[in-house]
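Encoded as structure tokens, the structure appears first; notes follow it.
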Amino acid sequence: MNLCDVRAVKNIMEAFGLRFRKEFGQNFLTNPMIVGDIADSCTDSADESILEIGPGIGTLTRELCARYKQVLALEIDRGLIPALSYTLDEFKNVTVVNEDVMKADLDVLLAPYFEAGGVSVCANLPYYITTPILMKLLESGLPFRYITVMIQSEVADRLTAKAGSAAYGAITAMLNYYGTAQRLFTVSAGNFMPPPSVNSAVVRIKLHEQKPFVPKDEEIFRRTVRAAFEQRRKTLPNALSAGFPTLGKDACTEAVVKAGHRPDIRGERLDVSEFVALSDIIAEMISQ
Ligand code: SAM
């Protein structure tokens, strides 16, 4: 079965009464080399289970099943489930669940897979919901080894940006708290059916086994990062005082200076270790 063949895709869609649903970000991969490359590079151990988000008609899923111990695939579109039963019929190591990943209880669904060994994530993500899905995976606290995702090229730039650059944002700082992101390759729109209006890139995130920087209060750390970027044109003390109104501008300036920065610095210059240090000072001020 060749699910990268455009005619085969059309036949399956027709046979199961399906149409490409834009509201679910359905752009299916049609280049076998790219599908193979994603499946190859999503982790370094064949003895692992893979969580796939959005299997579509099973193009990437089949390659994952052929390479890894077990695959759990979550698909929101109920209409695709019978088609997946057909395209994945030959594989005994796959479970398809008709669920919205944003509503799914990943702790419960993945418990047997974590008991069996390592788990990584591999997905050609629906672009309308990339950041919320990534944040849900990262904040789940589940010990994924790698998270490998095909995403919009501009989002890939954000995830891999260096502190101080234009593409650096709250998502970059938060991601660096949980792991390190590497851009693997770029994929042009012509490799999908239907083609999306943007280029894509594959990014692999390696989750820290031990976080190198741990804040005293994770919620205050998140609020610090969020506040710094919500008003990124403002100086850091000004941005922080909007995010921590009970502290006020003077205390926020004091916190920034105490953390070793000039009071006119902008938040976009701070890397994750500096955000952690700053948030510890803010947490202490709040607790006083
Ligand atoms: N994996 C297939 C491929 O590479 O050809 C399809 C990828 S397509 C870009 C995104 C897939 O995610 C679609 O199958 C879509 O129905 C599914 N999807 C969209 N939103 C979802 C959600 N919230 N939870 C689970 N699956 C979702």
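The values are calculated or read from the model by the stated rules, or taken from the named source; none is laboratory data. Keep in mind the model is a prediction, meaning the values are calculated, not measured. Counting neighbours? That spans all protein chains shown, and the Cβs are built from the backbone with ideal geometry, glycine included.
Odds and ends about this structure:
- Condition met for LEU60 (at pLDDT 95 or above and near the ligand (Cβ under 9 Å from one of its atoms)): yes
- Residue selected from the range 149-190 under the condition more than 12 Å from the chain's Cα centre (by Cα) and of a type in the set (Phe, Trp, Tyr), by the criterion nearest to ALA239 (Cα to Cα): TYR168
- Remark: pairs (first residue in the range 81-109, within 20 Å of ARG62 (Cα to Cα); second residue charged (D, E, K, R) and more than 11 Å from the ligand (Cβ to nearest atom); Cβ separation under 8 Å; 6+ apart in sequence or on different chains) = ASN93/LYS69.
- Scanning the range 96-120 for residues that are within 14 Å of the ligand (Cβ to nearest atom) and outside any helix (DSSP H, G or I) returns VAL96, VAL97, ASN98, GLU99, ASP100, VAL101, MET102, LYS103, ALA104, ASP105.
- Residue list for the range 219-242, restricted to those being closer than 17 Å to MET285 by Cβ and of a type in the set (D, E, K, R): GLU219, ARG222, ARG223
- Annotation note: of ALA228, ALA242, ALA255, the sole residue that is among the hydrophobic types (A, V, I, L, M, F, W, C), surrounded by fewer than 19 Cβ atoms within 10 Å (Cβ to Cβ) and outside any loop (DSSP other than H, G, I, E, B) is ALA242.
- Taken over the range 121-145, the residue count meeting the criterion of being part of a strand (DSSP E or B) and under 10 Å from the mean Cα position of the chain (by Cα) is 3.
- Flag for SER188 being assigned by TED's automatic domain parsing to the domain that holds LYS22, loosely packed, with under 15 Cβ neighbours inside 10 Å and not charged (D, E, K, R): yes
- Residue in the range 270-278 that is modelled with pLDDT of 95 or more, of a type in the set (S, T, N, Q) and within 24 Å of ILE133 (Cβ to Cβ) present: no
- Of residues in the range 207-225 being part of a helix (DSSP H, G or I) and touching a residue at least 12 places away in the same chain (Cβ under 8 Å), the one farthest from ALA163 (Cα to Cα): ILE220
- Across the range 258-276, the number of residues qualifying as in contact (Cβ under 8 Å) with a residue 40 or more places away in the chain and in a loop (DSSP other than H, G, I, E, B) comes to 2.
- ASP157 being away from the ligand (no atom under 16 Å from the Cβ) and part of a helix (DSSP H, G or I): yes
- Members of the range 27-54 that are in contact with a Lys or Arg (Cβ under 9 Å, 6 or more places away or on another chain) and buried (at least 18 other Cβ atoms within 10 Å of the Cβ): VAL35, ALA39, CYS42, THR43, GLU48, SER49, ILE50
- Scan of the range 10-51 for residues that are among the charged types (D, E, K, R) and within 7 Å of the ligand (Cβ to nearest atom), ordered by number: ARG21
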